[in-house]
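Down below is the structure, laid out as structure tokens.
The values are calculated or read from the model by the stated rules, or taken from the named source; none is laboratory data. The structure presented is a predicted model; accordingly, all values stated were derived computationally and were not measured. Glycine also receives a Cβ, built like all others from the backbone with ideal geometry; neighbour counts cover every protein chain displayed. Protein only, heavy atoms only, side chains kept; ligands, DNA and RNA dropped before computing areas. Shrake-Rupley method; radii C 1.70, N 1.55, O 1.52, S 1.80 Å.
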Amino acid sequence: NVLKYNGEPVAYCVGFIVNDIYYGYQIAYMDSYSKYALGKSIIVHTIESFRNTNVNVIDFGSGDSDYKKCF
């Protein structure tokens, strides 16, 4: 998924789906937009994209990044 502002890509989330599990691989955003919490926004956008799929589990991997605490 890609999040755009004024037609410019400002954040993205890359992952893959195996059976009913989404495995998040990489999330990135432009630092100049960090005050807008684009990392969290792209995750919400990604989760919303699973609405009409068979994804039941989201796995962002190990670690204790701040965004993982929110979700």
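Residues in region 50-62 that are part of a loop (DSSP other than H, G, I, E, B) and either open to solvent by 60 Å² or more (accessible area, probe 1.4 Å) or among the basic types (Lys, Arg) (or both): how many? Result for region 50-62: 6.
Out of everything in region 3-18 that is touching a residue at least 24 places away in the same chain (Cβ under 8 Å) and open to solvent by 70 Å² or more (accessible area, probe 1.4 Å), what residue ends up being nearest to the chain's Cα centre (by Cα)? Working first, answer last.
Taking region 3-18 as the starting set, the residues that turn out to be touching a residue at least 24 places away in the same chain (Cβ under 8 Å) are 3, 5, 10-13, 15, 17.
Narrowing the set further to residues that are open to solvent by 70 Å² or more (accessible area, probe 1.4 Å) leaves 5, 12, 17.
Details: Tyr5: 16, Tyr12: 7, Ile17: 13 Å.
Checking each candidate, the answer is Tyr12.
The set of residues in region 19-45 being modelled with pLDDT of 90 or more, open to solvent by less than 60 Å² (accessible area, probe 1.4 Å) and either farther than 18 Å from Lys68 by Cβ or among the hydroxyl-bearing types (Ser, Thr, Tyr) (or both) consists of Asp20, Tyr22.
Inspection of region 30-45 identifies no residue that is of a type in the set (S, T, N, Q), more than 15 Å from the chain's Cα centre (by Cα) and in a loop (DSSP other than H, G, I, E, B).
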